[in-house]
Amino acid sequence: MKVEITTEKITAGFLLRLKGDVDMNSSSDVRTAMAEIFKQGQSGMKALLIDLSQVRYMDSSGIATLVEGMQNCMKTGARLRLCELSPPVRDVFELARLASVFEIFPTITDASSGL
Amino acid sequence: MKNFVGYLGRAFITFLQDLSSLYYLFRETVFQSFVLITDRKKLSQARLLTQIDEIGTQSLPLVLAVAGLLGVAMTVLISFQLKEVGGYSYIPGLVAVAIFREMGPLITALIVAGRVGAAFTARIGTMKVSEEILALETMAINPVRFLVVQRFIGLLFSLPALTTLASFMAVFGGFLFGSTRLGIRPDTYVRETLDVLTFTDVYSGVIKAGVFAVVIVMVGCYRGLVVEGGAEEVGRATMLSVVSSTLAIIVLDTVMTGAFYG
Amino acid sequence: MIRAHGIKKNYGVRTVLNGIDFVAERKKITYILGSSGGGKSTLLKILIGALKPDDGQVFFHEMDITKLRGTGLDPFRKKIGMLFQQGALLNSLTVGENISLPIREHTPLDDNIIKIMVKMKLELVGLRDFEDLYPGQLSGGMQKRVALARALALDPEVVFFDEPTSGLDPIVSSVITKLISDLNRVLGITCIVVTHAVEEAMKIANKIVILYKGMVLAEGTPAEIRGSSDPIVQQFITGSPDGPISFHASSRDFREDLLVE
């Protein structure tokens, strides 16, 4: 199953909504979308929010893609925030001991506050 | 007597089985080589240059030393025979042709079979007994492409190059002896050599080297791939590998020498 | 799901497997227990398609893998991982290269992504600092953990374990056992473990299959196995030297063997 990606411009930066499964076949699409965002919002982008509520499955290539997004955000001084992780995806983050690496928020509203 | 016939029969059957397995391995290797060179991503990971370096560059000192001494020895022997008839002027051409066509390819191939072919068997055999090859298969990685192809391509480039260098070195050895001890003038020696030596002499040696390269790689890798058991079996396979590739090289050398002159 | 049906295998005149039937349910942990030399390794090789049985089928979903040859097995093999008893890491590659190898082979992922994935897999087995070392520089237990990281490289659906804890100290053993249980619980990986470690099986298995003399002697949940009235099963799980399973492998009487020519 392919992943659907929508990019939204918000006041603090960008909101990326993912829907579907992020796996070895689809994670490169997510990577392309993120690269596009970094190109557009080179300076002045304060944050990139990623809405994962519609993601039921994410494999390690998907997580690695998010980690790379985090690396890029650090370079430009922006923040990467993940929101609304479904329980199975959250478990994967916990097992990979990445729950503490990312800023994870229960809702988009929570994630956009304080930026 | 009956036992001996039975032994011979069994040995012959094993030989035929090995030969047909070698043929399949060769076919798969050629096929996988094409797969590799048409896939740029995999080609960049294949470390072909490392292989050429390991096989070629590292064998170079030994090969050159042996070749140089061989050139001297041949010139000494030939000069003894020709002394009686006063035919020193034949020496440069005779030595050069014998070396480029016969001794250069043969001696280089034998050294490489002992040094590199044995290492192939030992390496791949060890991987076989430690289940590394089964692991590759389980990861859906073709072991022939992963292990044999790079060695195949590496040696296919290295051995003809080594052979040509060895032949030049041997001829140079002959030149040194001829010009310093036999009283042949250096410029005469060079001119005589170039007069007699033809392009065919050089490339027939290169063709031989190509064939020997295939033999060394195929026998070396095959003996490694079929090892069953433990470390002891790897040792036995390595010995078998050197024996069988040496034998195959000498037989094929005779056949090719006959064919090129026939 | 892996389903074995009527697996038979002979080596020469010796029958190793004589009609094995069992089902390893999806997203469950199945332990295959048996005594040493009881055909466990042979069965495992048949399950991963490395060895053809003389008779019988192995189904992965609806695909009979015993019918597949050569590259036909690739789609199956890309969905499974295998932890070999001795690790079977490639000694010429570093730890990191060993783990990235299957990812590079089978996915178009970017180098940087692969690098991050390798770090994540190594973190999973607790060996993140060892990426640039060669397998030869690691202890046996560490090699096995790296091998597990490699088996997990492509996020497989099913992972096969060949004696995952044999030869390891008690702490590393329980770490690996916990890892198997976590992988199953969190990632939903179907685990098939071949071993003779009974206690470990009792702790984490959803289902235990006991092999004896090339057949399935018993199968069930750990509780069912523990409650079995079969004296052979009881002897097996308690590890008692006395019982129906004889330690003496020879059939001839000792006295007869010594005294009668």
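Laboratory data are not the source of any read-out in this text; all were calculated from the coordinates shown. All values reported here derive from a predicted model rather than from experimental measurement. Note that we place each Cβ from the backbone using ideal geometry, even for glycine, and neighbour counts take in every protein chain shown.
Magnitude of the Cβ-charge dipole of region A:4-112, K/R +1 and D/E -1, about the Cα centre, nearest 20 debye?
400
Between 0 and 90 degrees, rounded to the nearest ten: what's the tilt of helix A:27-40 against the longest Cα principal axis of chain A?
0
List the pairs from A:K75/C:K115; B:K83/B:K208; C:K9/C:K207; C:K52/C:K207; C:K28/C:K67 whose alpha-carbon separation is above 27 Å, in the order I gave them. It would help to have the intermediate numbers written out before the result.
Details: A:K75/C:K115 18 Å; B:K83/B:K208 32 Å; C:K9/C:K207 24 Å; C:K52/C:K207 25 Å; C:K28/C:K67 25 Å.
Those over the limit are B:K83/B:K208.
Residue by residue through region A:65-80, what is 3J(HN,Hα) from phi via Karplus (6.51 cos²θ - 1.76 cosθ + 1.60, θ = phi - 60°)? Round to whole Hz and write x for glycine and proline.
Working through the residues one at a time gives 5, 5, 4, 5, x, 4, 4, 5, 4, 4, 5, 8, x, 8, 10, 10 Hz.
Per-residue mean of other chain beta-carbon atoms within 10 angstrom of the beta-carbon, peptide C:107-120? Show your work: numbers first, answer last.
Values: counts 6, 4, 7, 7, 0, 6, 12, 2, 3, 10, 9, 2, 3, 9.
Mean shielding by partner chains, rounded to a whole number: 6.
Let's see if you can work this out: charge +1 on each Lys and Arg Cβ, -1 on each Asp and Glu Cβ, no other charges. What is the dipole magnitude of region C:1-79 about its Cα centre, in debye to the nearest 20?
Values: 15 positive and 7 negative charges, 55 e Å.
Charge dipole of region C:1-79: 260 debye, to the nearest 20.
Mind listing P(r) for chain C? All alpha-carbon pairs, 5 Å bins, whole percents.
Reading the bins upward from 0: 1, 6, 12, 15, 17, 16, 13, 9, 5, 3, 2, 1, 0, 0, 0.
As I understand it, the value is the acute angle between the Cα axis of helix B:186-196 and the longest principal axis of the Cα atoms of chain B; what does it come to in degrees, rounded to 10?
60
Which residue fluctuates most in the GNM of chain A (Cα springs below 10 Å): A:R97, A:R81, A:R17?
Looking only at A:R97, A:R81, A:R17, the biggest GNM fluctuation is shown by A:R97.
Can you give the local net charge around C:I176? Use residues other than it whose beta-carbon is closer than 10 angstrom to its beta-carbon, Lys and Arg +1, Asp and Glu -1.
Values: positive: C:K144, C:R145, C:K178; negative: C:E200.
Net of charged neighbours comes to +2.
Whole-Hz ³J(HN,Hα) for each residue in region B:98-113, computed from phi via Karplus 6.51 cos²θ - 1.76 cosθ + 1.60 with θ = phi - 60°, x for glycine and proline: what do you get?
With coefficients 6.51, -1.76 and 1.60, one gets 4, 6, 5, 7, 10, 5, x, x, 5, 5, 5, 4, 5, 5, 5, 4 Hz.
In degrees, nearest 10, range 0 to 90: what is the angle between the Cα axis of helix B:118-129 and the longest Cα principal axis of chain B?
Rounded to the nearest ten degrees, it is 0.
What is the sum of charges, Lys and Arg at +1 and Asp and Glu at -1, for the other residues whose Cβ falls under 13 Å from the Cβ of C:T165?
Values: positive: C:K144, C:R145, C:K178, C:K203; negative: C:D162, C:E163, C:D169, C:E199, C:E200.
Combined, the nearby Lys, Arg, Asp and Glu give -1.
Report, as a whole number in µm² per second, the diffusion coefficient that Stokes-Einstein gives for the protein assembly as shown at 10 °C and 1.306 mPa s using the Kirkwood radius over alpha carbon pairs. Intermediate results must be reported in sequence, preceding the final value.
On the way: Rh = 29.2 Å.
Once the numbers are plugged in, D ends up at 54 µm²/s.
Using only helices, what value at 222 nm comes out for the protein assembly as shown when you add -39,500 (n - 2.57) per DSSP H run of length 4 or more and divide by the total residues, to the nearest 500 deg cm²/dmol? Each step should come with its number before you reach the end.
Details: 26 runs with 348 residues, N = 638.
Calculated mean residue ellipticity at 222 nm is -17500 deg cm²/dmol.
What list of ³J(HN,Hα) values in whole Hz, one per residue of region B:84-95 in order, does the Karplus curve 6.51 cos²θ - 1.76 cosθ + 1.60 (θ = phi - 60°) give from phi, with Gly and Pro shown as x?
Running phi through 6.51 cos²θ - 1.76 cosθ + 1.60 with θ = phi - 60° gives 4, 9, x, x, 4, 5, 7, 4, x, x, 4, 4 Hz.
Kyte-Doolittle mean at least 1.6 and Cα extent at least 15 Å along the axis: which DSSP H helices of chain C qualify?
Working: long enough: C:95-106 (18 Å, -0.33); C:111-124 (20 Å, 0.49); C:140-151 (16 Å, -0.16); C:170-187 (25 Å, 0.97).
Passing helices, by number: none.
Using only alpha carbons, build the gyration tensor for region B:47-261 and give me the equivalent ellipsoid semi-axes, biggest first, whole Å. Numbers along the way, then the final one.
On the way: eigenvalues 315, 45, 39 Å².
Equivalent ellipsoid of region B:47-261: 40, 15, 14 Å, largest first.
Can you tell me, using C-alpha contacts under 8 Å and at least 6 residues apart, the relative contact order of chain C as a whole percent?
Details: 445 pairs, mean separation 64.8, N = 261.
Over chain C, the number comes to 25 percent.
Using alpha-carbon pairs under 8 Å, 6+ residues apart, how would you state the relative contact order of region B:47-261 in percent? Before the final figure, lay out the partial values.
Details: 279 pairs, mean separation 80.0, N = 215.
It comes to 37 percent, rounded to a whole number.
Where Lys and Arg each count +1 and Asp and Glu each count -1, what net charge lies around A:M58 among other residues with Cβ under 11 Å from its Cβ? Kindly include the intermediate steps, with their values, before the conclusion.
Working: positive: A:R56, A:R90; negative: A:D21, A:D23, A:D59, A:D91, C:D155.
My count for the surroundings of A:M58 gives -3.
What nm value, rounded to one decimal, do you get for the distance between B:L194 and A:N25 when each label is placed 7 Å out toward the C-beta?
6.7
Only Cα pairs under 8 Å and at least 6 apart count here; give the relative contact order of region C:21-165 as a rounded whole percent. If you can, show how the numbers build up before the last one.
Numbers: 162 pairs, mean separation 43.9, N = 145.
Across region C:21-165, relative contact order equals 30 percent.
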